[in-house]
Structures are given as structure tokens and as C-alpha cells.
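Structure, as C-alpha cells:
Every read-out reported here was derived from the displayed coordinates using simple, explicitly stated rules and does not represent laboratory data. A quick note: this is a predicted structure, and the numbers were derived from the prediction, not measured. We place every Cβ from the backbone using ideal geometry, glycine too, and count neighbours over all the protein chains shown.
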Amino acid sequence: MPINVARVPYLNTEPFYFDMERRGIQFRDMTPNLIAAAAEKGEIDAGPVPLVDYPRLEPDFRPLSGFCIASVGRAGSSFLYSEQPVESLAGARVGIPSEDPTSVGLLKVLFSLKYQVQPLAYVGLEDPYDAFMLSGNQGLRRRRGARGYPNKYDLGEEWQQWTGLPFVFARWMVRTDMDPKDTALLEDALFVGQEDWVDGLYRMTGSRDDLLMQPRDVLEYIQGYRYFMGVPEERAITLFRQYLDQL
């Protein structure tokens, strides 16, 4: 049976998948908010599970080694754009995307516990709002800012300045009953893919027109991420879960 993994179509996840296709690993393209449900339905065997969702998959899924997606300082693609300074957003309507539950959770933690500001409501991006959040490739395309919203906040940077820790957006998880040989194959593909993809950035010559990025922009963005857990990432996960429980 082939291994089925969730493939998230964001630039900061591309290193994970670079070495998989040649090994026969199959992809199921989906946004982060769909991964946990796909895992529960048996549609995937592994994937980068949003941090807010991974507890619900235990014990049927377990972390795959220490693979993760964590911003060291600036996230570079998770932003809040606002007409007013964030401290003035009490009673405001804040637009949020549906596809990135961890970034939305981080935004709510920052509002409630760091800024101590309570918006009137969180609404969809299709509704009227006073401030709005973007993440993933949408955030990358608007990384310079948004017309009419002079205040821009990088959520990863806001977290790091507040806690002194990186922020973990997702952890790779694998089905607990997966054949050990398949698990080892997937682990090796993740290791090799990251190294080879990142090495290729230094030889990249073409622009990423879909993201409005030059090679140096891509390199700078990826250098802001860690893809393997360390002690700071473990501490960040524990702290974030504690903060979520306070909301």
C-alpha cells in the first residue's frame, strides 16, 4: 500500500515534499484546516498537523520524529493588518481565514493575553471588518502591507517578542499503526527533502511570480523557519497550549 500524506500548498512546507514523489509517496493536497479530519477518516497516513488539532488525533497518530514548522522570529507570512493600532481594536470586527486554525489561535491568544484587547467579533474575510489576518501564501503575497490598513503585525514576531520563544505552527504526525518500514521511508524522505530543497535555494535564479518573490526573498523567508523540534520548540508548544486553555 502506498503512503498517503497531506500536502499543504504553502511555500514554507515545500521542503518536506521535495524527495517524496520519487519514493512512491502519494500526495493529498489540502489546506491545514482539512488535515485532522482527513486523518480521522483514514484518507491520509501522515502530514503536518496544525498545532491546535494534533491533540485530537492522539493516540491514533503520533509525532513523526521531531519534524515541525516553526518560525524563529518573524513568521513572514502570518500577518494582522489593521486600520488602527492593535491596542485600539477593542470592539472591532476582525476578519480571519478559515484555512489556518493555528494562526487564528495565535491571533486570539495575542489579543486576549498579550494586548488584553477583546474584539467585538471574528468574521470571515468576505464580511466587513476593521482589521484582518492573512497567512500562508496569501500572507506572503501581501507581506509588504495592505492598502488602507497602515498597521501591520507579524504574528510570529509578536509571539517571539512576548515569550522569547519560536512559534510552532504544525507538527508532522503519522498513523500509530503504520508499518515501521514505511515510517522509516517517510522520515528519510523528510530529512533528505529538506536538505536538498534548501541547498537548491542558493542556486535558485528564477523568480516566484506566483508569490511576487525574488530568489533572495525566498531564501530569507525560509531561513526564518526551523523544521525540527528542539527544546525551545517543545517549551513553545507547552506554553501555547496553556494559553489556549485560558481563552
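Worth a mention:
- Dividing the C-alpha radius of gyration of segment 79-163 by 2.2 N^0.38 Å, with N its residue count, gives 0.97.
- Amide H contacts of Val52 (H built 1.01 Å from N, under 5 Å, at least 5 apart or other chain): Thr102
- Applying 1/(1 + (r/R0)^6) with R0 = 35 Å to the Cβ-Cβ distance of Ser207 and Arg23 gives a FRET efficiency near 0.75.
- Within the shell defined by Cβ-Cβ distances under 15 Å, the residues around Val86 carry a net charge of -2, with Lys and Arg each +1 and Asp and Glu each -1.
- Local electrostatic count at Ala6 - Lys and Arg +1, Asp and Glu -1, tallied over other residues with Cβ under 11 Å: -1
- Long-range HN-HN contacts of Phe61 with modeled amide H, under 5 Å: Thr176
- Radius of gyration, Dmax [segment 169-247; alpha carbons; angstrom]: 16.9, 47
- 10 Å Cβ shell holding at most 16 others, DSSP loop, trypsin sites (Lys or Arg not before Pro): longest site-free stretch of the chain: 42-143
- In this structure, the amide hydrogen of Asp19, modeled 1.01 Å from its nitrogen in the peptide plane, lies closer than 5 angstrom to those of Gly193, counting only residues at least 5 positions away or on a different chain.
- Rounded to 5, percent antiparallel among DSSP beta bridges of segment 24-151: 50 percent
- Structure remark: mean-square fluctuation, Gaussian network model of the chain, C-alpha springs under 10 Å; the largest value among Gln160, Gln194, Gln116 belongs to Gln116.
- Across segment 1-99, Cα-Cα distances exceeding 18 Å account for 57% of all pairs.
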